[in-house]
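The values are calculated or read from the model by the stated rules, or taken from the named source; none is laboratory data. Values in this document were obtained by computation on a predicted structure and should not be read as measured data. Note that we place each Cβ from the backbone using ideal geometry, even for glycine, and neighbour counts take in every protein chain shown.
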Amino acid sequence: MLTQSRAPRYSPQDQLVWKVLFDRQTALLHRRAVPAFSAAVAQLGLRREAIPDLPTLSAEVFRLSGWQLVPVGQSLGPEVFFKYLAERQFPVMTRIRPMRDFDFSPEPDLFHDLFGHVPMLLDAHFAEFLHTLGQAAQALGHDDAVARRELWALYFFTAEFGLVLHDGKPHLYGAGLLSSAGEIHHCVNEATPRPAFSVETVRRTPVLGTRFQDQYFVLPSWEELADCAAELAGVLVPVPHRNAA
């Protein structure tokens, strides 16, 4: 059974963190985020004044996308996380970062998940990509640690730290970028490498979870996102298991 927790009551300090983060990220992301993100923030009614009520938001996300939000109280390993994705459920961390981690949270928190990830679930290409990743992971054997690690790398350098070309310019869509001012400034720095996306390269690139990334991969088009997961699954998952899935 997948573990989940109730969303806690948030203190005035928590609400202040949400408000200031919301204002700053909204300003930083102007003309930097993919249009699908800004449109979904408005469509979901996310606002600066208060942390959203998770059950209410989950119902709206389900109505618009068929996905459900699941509150969790701790970080999840890739195996459990992918189980959620395979069922079109997205785990949302209930803890919000303290002020000391304002610029960069070393692990996912409420703002990262609700502001960074949830709006992108309304985009059909992105949502199908996540579901394909989850299904591919479920088709792996328990001893396929290398394959699962490569699927995680694909998730990490897309859903967490991905960019995509839009109108000829790289735009942000990864939640680790959308939710972190420090990561945005590092990413857009001219000295930071932003190579073209390649499944073969990404699957073998080490994941850096506690500091800024060494590089960020740029997809050539939004439509190719779902194809990336299917391509890697075709390499990693044996044919009989793919057919069964």
Original post:
Residue check: is F115 of a type outside the set (S, T, N, Q), modelled with pLDDT under 90 and more than 19 Å from C228 (Cβ to Cβ)?
Top reply: no
Subject >> Filtered residues of segment 118-129 (kept if in a helix (DSSP H, G or I) and either aromatic (F, W, Y) or in contact (Cβ under 8 Å) with a residue 60 or more places away in the chain (or both)) >> reply: V118, P119, M120, L121, L122, H125, F126, A127, E128, F129
Original post:
So which residues in segment 43-57 are of a type outside the set (K, R), on the phi < 0 side of the Ramachandran plot and touching a helix residue (DSSP H, G or I) at 6+ places or on another chain (Cβ under 9 Å)?
Top reply: Q43, L44, L46, E49, A50, I51, P52, L54, L57
Original post:
In segment 9-37, how many residues are in a loop (DSSP other than H, G, I, E, B), surrounded by 13 or more Cβ atoms within 10 Å (Cβ to Cβ) and either among the polar types (S, T, N, Q) or touching a strand residue (DSSP E or B) at 6+ places or on another chain (Cβ under 9 Å) (or both)?
Top reply: 3
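Just the residues that are of a type in the set (D, E, K, R) and touching a strand residue (DSSP E or B) at 6+ places or on another chain (Cβ under 7 Å), please, taken from segment 166-220.
Restricting attention to segment 166-220, the residues satisfying the condition of being of a type in the set (D, E, K, R) are 167, 169, 183, 190, 194, 200, 203-204, 211, 214.
R194, the sole residue that qualifies.
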Original post:
In segment 142-154, which residue that is of a type outside the set (D, E) and touching a residue at least 60 places away in the same chain (Cβ under 8 Å) is surrounded by the fewest Cβ atoms within 10 Å (Cβ to Cβ)?
Top reply: R149
**OP:** Quick one: in segment 178-192, of everything that is in contact (Cβ under 8 Å) with a residue 40 or more places away in the chain and aliphatic (A, V, I, L, M), which residue is farthest from L110 (Cα to Cα)?
**Re:** V188
**OP:** Those residues that are touching a helix residue (DSSP H, G or I) at 6+ places or on another chain (Cβ under 6 Å), under 15 Å from C187 (Cβ atoms) and among the aromatic types (F, W, Y), I need them from segment 150-165; list them, please.
**Re:** F157, F161
Original post:
In this structure, does L57 turn out to be assigned to a loop (DSSP other than H, G, I, E, B), out of contact with any Lys or Arg (no Cβ under 8 Å at 6 or more places or on another chain), touching a residue at least 60 places away in the same chain (Cβ under 8 Å) and surrounded by 12 or more Cβ atoms within 10 Å (Cβ to Cβ)?
Top reply: no
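Would you pick out the residues in segment 74-111 that are in a loop (DSSP other than H, G, I, E, B) and in contact with an Asp or Glu (Cβ under 6 Å, 6 or more places away or on another chain)? Step through it out loud before you land on a result.
Taking segment 74-111 first, the residues in a loop (DSSP other than H, G, I, E, B) are 74-77, 87-88, 94-98, 102-109.
Across segment 74-111, the qualifying residues are S75, R95, I96, R97.
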**OP:** Scan segment 193-210 and report the pairs whose first residue is on the phi < 0 side of the Ramachandran plot and whose second residue is in a loop (DSSP other than H, G, I, E, B) and surrounded by fewer than 18 Cβ atoms within 10 Å (Cβ to Cβ), with Cβ atoms within less than 6 Å and a gap of 6+ or a chain change.
**Re:** P193/Q215; T210/P106
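If we only count helices (runs of 4 or more DSSP H) wholly inside segment 151-203, which ones have 1 or more residues that are modelled with pLDDT of 95 or more?
Numbers: elements: 175-178, 181-188, 199-202.
The qualifying helices (runs of 4 or more DSSP H) are 175-178, 181-188.
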Original post:
Since D103 meets every condition but one in (1) more than 25 Å from L154 (Cβ to Cβ); (2) in contact with a Phe, Trp or Tyr (Cβ under 9 Å, 6 or more places away or on another chain); (3) of a type in the set (D, E, K, R), which condition does it not meet?
Top reply: (2)
